[in-house]
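Below: one structure, written as structure tokens.
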């Protein structure tokens, strides 16, 4: 968020539901009914929590991410597998699963900001985009199709420059929120463009695993159409009120190991999902 601008509740940047859709007709329809949809979907309440976090962001020297979690009344506990520690300097890619859709991005921001100042998170430009959470975000289109591949070229270049400058970039390689398969919550197939980005970056990688899932109703709706599930992400976030999320951090993976892997996606997925069982 642009710290040179002092926002009020009236002009505070809003979450754009219309930006979730590429079809022009759908965009117009969503824009027309957006105030009603935001109330039904819980987005209005989330925007209020985010504004309160922004207004109180300098109190106790906590990041806006931490204040946002406070407003949502959600906590997290970090488990460091094999005494994993984040390097305090130098380029680093954080890869993580994406079980919640919004909450994992917010926790990621809080976690990374507690470790280093030079962070960037590649996140859905509609739900947690730059206009909402500012300089920590590189906004991307999470749906891998022809239009998103083209739209994401500039964000990928920005992320690569940040790594080359010695910063941290966190990515959710699945792009979209996790799905339910055989009673397990797993990422959809990872984006090929993000895998190429990871492989070509020649940067150490740290895996992170978020434990948890959304409601069964969410997965049923998403089974009908992925965008129907996305419409519930706000409600799913608010349902975590009062909960503590377990987050597992694994040891960094060196560049030589990545370079020699034939099936990079499976190798990195295994690194993430195995963390839960390696406390």
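Coordinate-derived values only; no laboratory data. Everything numeric here is computed off the predicted structure, so don't read it as measured data. Here the Cβ positions follow ideal geometry from the backbone for every residue, glycine too, while neighbour counts run over all protein chains shown.
Among beta bridges from DSSP that stay inside the range 75-277, the antiparallel ones total about 25%. Contact order for the chain, expressed relative to its length and based on alpha carbon pairs under 8 Å spaced 6+ residues apart, stands at 25 percent. Per-residue Cβ neighbour counts within 10 Å put 253, 137 in the sequence 253, 137, beginning with the fewest. Of interest is the spacing of the C-alpha centroids, which for the range 217-235 and the range 64-122 amounts to 25 Å.
Compute the Cα gyration tensor for the range 75-277, then decide on rounded, prolate or oblate, letting a ≥ b ≥ c be the square roots of its eigenvalues: rounded whenever a/c is under 1.5, prolate when a/b is larger than b/c in the other cases, and oblate in all that remain. Cα axes put the range 75-277 in the rounded bin. Helix 43-55 and the longest principal axis of the Cα set of the chain meet at an angle near 70°.
Applying 1/(1 + (r/R0)^6) with r as the Cβ-Cβ distance of residue 79 and residue 243 and R0 = 25 angstrom yields a FRET efficiency of 0.95.
Rounded to the nearest 10 degrees, the inclination of helix 192-201 to the longest alpha-carbon principal axis of the chain is 50 degrees. Cβ-to-Cβ counts within 10 Å put 245, 119 in ascending order as 245, 119, the fewest first. Using R₀ = 22 Å, calculate the FRET efficiency as 1/(1 + (r/R₀)^6) where r is the Cβ-Cβ separation of residue 255 and residue 161; round to 0.05. In this case the efficiency is close to 0.75.
By per-residue mean of other Cβ atoms within 10 Å, what is the highest-first order of 77-84, 176-183, 63-70, 44-51?
Going from most to least packed, we get 63-70, 44-51, 176-183, 77-84.
If R0 is 30 Å, the Cβ-Cβ spacing of residue 263 and residue 26 corresponds to a FRET efficiency of close to 0.25. For the listed peptides 91-104, 202-215, a ranking on the average number of other beta carbons within 10 Å per residue, highest first, reads 91-104, 202-215.
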